[in-house]
Protein chains: 4
Amino acid sequence: MPASYAYLGPEGTFTEVALRTLPESATRQLVPMVSVPAALDAVRAGEAEAAFVPIENSVEGGITTTIDQLAVGEPLMIYREVLLSITFALLVRPGTKLSDIKTVSAHPAAQPQVRNWMRDHLPDVVWESAASNADGARLVQEGRYDAAFAGEFAAARYGLEALETEIHDAENAQTRFVLVGRPARPAAPTGADKTSVVIWQRDDHPGALLELLQEFAVRGVNLMLLQSRPTGEGIGNYCFAIDAEGHISDRRVAEALTGLKRVCPQVRFLGSYPQADVDPKDMRAPRAGTSDDEFAAASDWLARCQDGRF
Amino acid sequence: MPASYAYLGPEGTFTEVALRTLPESATRQLVPMVSVPAALDAVRAGEAEAAFVPIENSVEGGITTTIDQLAVGEPLMIYREVLLSITFALLVRPGTKLSDIKTVSAHPAAQPQVRNWMRDHLPDVVWESAASNADGARLVQEGRYDAAFAGEFAAARYGLEALETEIHDAENAQTRFVLVGRPARPAAPTGADKTSVVIWQRDDHPGALLELLQEFAVRGVNLMLLQSRPTGEGIGNYCFAIDAEGHISDRRVAEALTGLKRVCPQVRFLGSYPQADVDPKDMRAPRAGTSDDEFAAASDWLARCQDGRF
Amino acid sequence: MPASYAYLGPEGTFTEVALRTLPESATRQLVPMVSVPAALDAVRAGEAEAAFVPIENSVEGGITTTIDQLAVGEPLMIYREVLLSITFALLVRPGTKLSDIKTVSAHPAAQPQVRNWMRDHLPDVVWESAASNADGARLVQEGRYDAAFAGEFAAARYGLEALETEIHDAENAQTRFVLVGRPARPAAPTGADKTSVVIWQRDDHPGALLELLQEFAVRGVNLMLLQSRPTGEGIGNYCFAIDAEGHISDRRVAEALTGLKRVCPQVRFLGSYPQADVDPKDMRAPRAGTSDDEFAAASDWLARCQDGRF
Amino acid sequence: MPASYAYLGPEGTFTEVALRTLPESATRQLVPMVSVPAALDAVRAGEAEAAFVPIENSVEGGITTTIDQLAVGEPLMIYREVLLSITFALLVRPGTKLSDIKTVSAHPAAQPQVRNWMRDHLPDVVWESAASNADGARLVQEGRYDAAFAGEFAAARYGLEALETEIHDAENAQTRFVLVGRPARPAAPTGADKTSVVIWQRDDHPGALLELLQEFAVRGVNLMLLQSRPTGEGIGNYCFAIDAEGHISDRRVAEALTGLKRVCPQVRFLGSYPQADVDPKDMRAPRAGTSDDEFAAASDWLARCQDGRF
C-alpha cells in the first residue's frame, strides 16, 4: 500500500488540482479530508505521510485555520509549497440559464473573488455557503441549489456544465498550498528558499514587533509574509506567522532565528522549503555582509581575536 | 423618524447586544442588515447614519470583511468601539436532549470558539454553517437542524431553550465592534483614545514594514493592533490595518501619521475614538519627550532658532 | 571704521589665507587673536562682528577647542564655512641647509601631517611646539629654532625661504574653517546647505545615541559629521557635535531638530549655512517622502483628517 | 633583567602615578618615553613588554594620538585600564609668590582643566606649552618659566613647591590610561569587562553609523565610548573608536563583533579587559535574551530545528 497524502477535500477542489502538480503525488494515495484540522491530524496521528492544505490566498490573505493549526499542537513542518491561479466557473445542471438561477453556492472563501461578478450578473440570487466549492457543486447536482462557483474541472465530476468560466474579481488571484509532514531534516537549500516561523511577542511590551523585525533586518533577511494571528488570550494579543527569504542552513537566517528564539517568549519553526515558481538563478544576491562566506570569514576573524592571533 | 443605525443582523446576535450597550442606540432606529458590506453601504448611500459591525475577535483575529470594506471604497470613519465578552449557549427546541442532537448550526466564526467543547460533548454531530448565529437558531426553530450555538439571549426570540450555557473554548473571548459613519471631525480626545489607519507598503521594498513601524516608534506611539491584509494584487502583497494608542489631535500621533503619509504609497485614516473599557485615569503617561507640551516647547524652540532669537 | 572679523592669528597662518577667500573679508578689518576662545569671546563681547576659526581637520578631526567653545557659553552661530587644502613648507633662514637643522617648530596640530616626512628627511631633529605655525616661523626668524613647518605664504612675511614645499603625509589634507557670529536669522537655503547642532544624551541610557541618530534617519536627514566631546562630567559622559545635510528651513531638518529637542536633555543649534565647495546642482534629491512638497502635502492631508474632510 | 613597561614620560607625570597603581608595575622596569607613539613603537619593536599611555580624559575627550596610533599600524591589544583623578598643583621655585608669576607652563592638555582658575587668579600671565607637565616643571626649575601646572607629586622631584593644590576647573576630572601589549589571548572575563574596537564605515553610505550601532543594540550590548576619528582621507571621513560593555567571550559581544566585521570595510579588535573601578557584583544583568545561557539555549534549539528533531 503506498504512503498517503491527506488533503483538504472533497475531490474536485482547487486543492486537489494543486496537489497533482507535485510529481510525488503520482506515487501516493491521495485521501480527501473534511477539513484542514482533519488533514493535519491525520499526519500527527501517523495515518498520513503528509497533508496538503491551502495556507495563503491573494484575495483573502492567510488561511487562518491552517496557520492556527500549525502554530499550536504537535509540531509539523512544511516541505513544499504550490501556487495555483484561481478562477471560477459558474456550474449549473445542463439546461439551466442565467436567468433561472435563484440560489448559488460555494465555499465562503470564494465569495470575495466573485462578489463583483455576482453584483453585475446575478444581483438578486441568494448566496448559500457550502463546506467546499466541490460540495457546492454536489448540492447543485442534487438539485438543492441552482448554481455553484467552482473550478471548471469540477463540472465533469458532478455532471454539471460551466455557464461561465474565468470568473475572478481580482487579476492574478492565486492560492498558496503547502505540503506538511512530521518534523524531519529540511530539504537541502536550492538557492531560492523560504523559511516559515510563528513568533509570539511579549504582551507587556508595545514596541516588541519592531524589535522582532529588527532581528531579521539586521541580518539582511527579507520578509515575504507577516500575518498577525490572535493568541486567543484576549483582544490585542497577537502572534505572527512570518515567511522569510532563505533557508535555515543559511547563516543569516540561522542567526536571525536564534535572535528571535532569545527574545520571543515562543518561536515555532515551520520549515525551510523551495519557493514555488522561482528559479534560483533569478534570486538577487544577499545584502552585502550577509552571505555565508562573509559569515564564515567573520567567524574566523572572531576566533583569531579570541585567541589573540592577528 | 429617528436616524437609523444599520447593524450586522439578524436580530438576536451578539452584534445587537453590543450595539444596545451604546447609550445613543436608545434614540436610533436599529436596522439589521444581511452582511457587513450591506451595513456599510447603507451608510455610504446615506440610508443610515451609522453602521455597527464586528471588527476584531480575540479568537479569530481581525474580521477581514470589515477591515477590507473599510480599507477601500468611499471613505468611512470609526466613532466608537464596544468590547463584548462572548460565550455561547447550545439552543435546542424544548425537550431535545444532548443525545438527540445529530446536526448543529452556527456562523462559521463561532466554530473555533466551540470546537473543543463539541469534541468533548458532541463528537459525532454534523456541523452546518449558518449565515449568522441567530439564523442558525431560526433554522433550529424551523426544525432543519437539531441545535444551534448562539447567545443565550437568542433563546426566547426563537422559542428555544438553552441546554448548556457559558460555552467558550478560550477564556476571555471577546469581540470588538465599531460604530462607523461618514467622515466628520473626530470626537475630542478623552485621554484614552485609539487611532485606526490602513497603510500600504511599497511592494518593491522588503524592509518597508520595519520603516513604517519606526514612524510610530520614533514618536513614542504604541501600537495596539497590526493586522495584515492582502491587497488583492498577488500573493505576498499586503497592507496593514493598525490601531495606535492616542488621538489624531495628539501631536505625537499627528506627526507619526504625516510621516506615514509621506513614505507610504497610500494611507487611509479610519478615525480617532475612545478606547472601550479604559479609564483615562489608568493610562500611563506618554514616553518622555512625546507629550503635547514637549512638542509645543520644541516647536517654539525651532521657531526661535529659525529666527535667530536665542 | 569698518566692522571687524576676529580670526585665529597670528597673521600668516592658514586661517588668514582661508579667511581671505571669503569675499566679505575684503570689506572688514581682519584682527588676529591669540586663541580660538579669544576670537569667539570678541564676538560675544560685541568687539567683533564675527570670528573665523578652524573647526575640523581631515587629519586631526574636530578642532576640539572650537567645538567646546561653541557648545557652551553665550550662544553663537555659524554663517559660513571654508575648506582649505593644507600643505606645508619647511621654512628656514636664507642659507640654511637640510643638514644644518637641529630643531624644528610648528603648532602641534601640524605634527601628524608632517610626521612621516620628518621620519624620512629629518630623523634626528628636535620638535618644539609653537603657539601657531606662524609663531614657529617668527621664532626661526629670531634664531631660536632652525626651521619651521608653515604655509609657504609665511616665508616672505618672516624673511625666510622655503627649503621644501608641498609637504603633507596624507593626500587631500584639508582644514574646515567657520565664520561665527551672534545669533541671527540664518541665511536663506541655497539647496546645498549644512546644519550644525550639539546634542547631549541622557547619561542614564545606554542606547541613547542610537535613538538620537534615528531622529535624523527617520526623516531622511543625512549626517556629515559626528564628533563626540566629553561633557566634563566624568569619563564616559559625551555630547555630540553633528553636521547634518540640509537647512533648518527644510521641513525634514526642522522636524528632526524638534525630535532631538524633545528627547535630548539639551540641544544647541549652531546654524544652517552653505556647504563649501558644493554646487547645489550636484546635490542628490532628498529621499522619497522627505521633500518639502511631500511634507506640505502630508500636513494638508492631516488637516483634512482632523477636520473629517476627505 | 626584568621585563619593561614603556610609559608616556617623563618621570613625575600623572601617567607614572597611574602606572604605579598596577600591582604588576612593581616587578617591571618602568621606562619613560618621549611620546605615545614612541611608547607604542617600543612594544611593536619588542623592546618593551607593554606600554602605558593615556587614552581618554573627562575634560578633553579621547586622547587622539593614542587612539590613532592603536587604530593603524602593527596590531596591539589593551590588557588593563586605570582611572586616575586629575587635580593640578601650581609649582614654583621656593620663595616665588603668586604676584611674581609672569609665565606659566604645562602640557596643552592641562589648559582646559585650569583655564577658569587662571582667569580668576593669574589673568595676565603668558601660557607656554610644554611637552609634558613634568617637563614644564623642569623648565621652572631651570628658571625658564615662573610656574608650572603639574601633579603635586612632581614638586619634590624638581625642587619646587606647590603654591596651590587641588586646581581643577571640572569636578571629577579623570584620565583613563591603558596598558597595551602585543596581541595575545585576552584575560578571562571578570563579569565587569569592556571590549574596545575601531570600526570604519563605508564612506558612500550616510546612514552607516546608525546601522553599525544597531549591530550592538540588537544584541543588547551597551556602548561606553564612541569617539569619532578622521580616517585621513578627507573632511567628513571618520572611523569610530568604540568601547562596549562585556567581553569578547560573551556571546552577545562576539555576535555583535562578527556583525560589524561583516558590514564594515574594516574592524580592528583592541582587546577585552576588566573595567577599572567597577565591581562585577555591581553590574546589572544583561538584557533579557542576551545572556550566554540564552544564546546557548537558542543555538541548541536551532540545531534541533536544522535536524528536524523537535
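All of the numbers you see were taken from the coordinates with simple rules; none came from a lab. Treat the numbers as computed from the prediction; the structure is a model and nothing was measured. Every residue, glycine as well, gets a Cβ built from its backbone with ideal geometry; the counts of neighbours run over all protein chains shown.
Things to note:
- Take B:Arg182, move 7 Å from Cα toward the beta carbon, and the resulting point lies 5.9, 6.2, 8.6 nm from the same point in each other copy, nearest first.
- Computed over the range C:156-250, Kirkwood Rh from alpha-carbon pairs, angstrom: 17.1 Å
- Using just its DSSP H runs of length 4 or more, each adding -39500 (n - 2.57), chain B gives a mean residue ellipticity at 222 nm of -8000 deg cm²/dmol after division by all residues.
- Residues whose amide H comes within less than 5 Å of that of A:Ser105, counting only those at least five positions distant or on another chain, are A:Glu128, A:Ala147, A:Ala148, A:Phe149 (H built at 1.01 Å from N in the peptide plane).
- Across the identical copies, the label point of D:Leu98 (7 Å from Cα in the Cβ direction) is separated from its matches by 5.3, 9.7, 10.6 nm, in order from shortest.
- Dipole moment magnitude, nearest 20 debye, the protein assembly as shown about Cα centre, only Lys, Arg, Asp, Glu C-beta charged: 0 debye
- A straight Cα-to-Cα reach below 15 Å connects D:Lys281 with the aspartates and glutamates D:Asp193, D:Glu245, residues fewer than 8 places away in its own chain not being considered.
- Cα-based equivalent ellipsoid, chain C: semi-axes from gyration tensor eigenvalues, Å: 43, 20, 18
- Test item: Cα-centred dipole of the range B:103-191, Lys/Arg +1 and Asp/Glu -1 on Cβ, debye: 720 debye
- Cα convex hull, the range B:97-242: 209 Å³ per residue, rounded to a whole number.
- Positive contributions from Lys and Arg (+1) and negative ones from Asp and Glu (-1), summed over other residues with Cβ under 10 Å from the Cβ of D:Glu81, come out at 0.
- Ellipsoid equivalent to the range C:196-310 - semi-axes via the Cα gyration tensor, in Å: 29, 20, 10
- Highest mean packing comes first when the peptides B:53-65, A:45-57 are listed by Cβ atoms within 10 Å, giving B:53-65, A:45-57.
- Two-site FRET efficiency, C:Arg182 against C:Arg20, from Cβ-Cβ distance with R₀ of 25 Å, rounded to 0.05: 0.65
- Ranked B:Arg80, A:Arg157, A:Arg284, criterion: other C-beta atoms within 10 Å, fewest first: A:Arg284, A:Arg157, B:Arg80
- Among D:Cys239, B:Cys264, B:Cys305, a tally of other beta-carbon atoms within 10 Å of each Cβ gives an order, fewest to most, of B:Cys264, D:Cys239, B:Cys305.
- Since only D:Met33, D:Ala50, D:Ile86 are under comparison, the one whose Cα sits farthest along the positive direction of the charge dipole of the range D:1-94, derived from C-beta charges on Lys, Arg, Asp and Glu, is D:Ile86.
- D (Stokes-Einstein, µm²/s), Kirkwood Cα radius, the protein assembly as shown, 1.002 mPa s at 20 °C: 61 µm²/s
- Closest Cβ on chain A to the rotation axis that carries it onto D (distance rounded to whole Å): A:Val218, 2
- Fully extended contour minus Cα-Cα distance, from A:Asp282 to A:Arg93, at 0.36 nm per residue: 63.4 nm
- Measuring nothing but how far apart in sequence close Cα pairs (under 8 Å, 6+ apart) lie, relative to its length, chain B scores a relative contact order of 19 percent.
- Binned Cα-Cα distance frequencies in the range A:1-92 - 10 Å width, integer %: 16, 51, 28, 5, 0
- Computed from Cα atoms alone, the Kirkwood hydrodynamic radius reported for the range C:88-167 is 11.8 Å.
- Label geometry 7 Å along the beta-carbon vector: A:His168 inter-copy distances in nm: 4.1, 6.4, 7.6
- Kirkwood-Stokes translational diffusion coefficient of the range D:169-221, alpha-carbon pairs, 25 °C, 0.890 mPa s, µm²/s: 162 µm²/s
- Order of C:Leu98, D:Leu270 - criterion: other Cβ atoms within 10 Å of each residue's Cβ, fewest first: C:Leu98, D:Leu270
- Dipole magnitude for chain A: computed about the Cα centre from +1 point charges on Lys and Arg Cβ and -1 point charges on Asp and Glu Cβ, it is near 560 debye.
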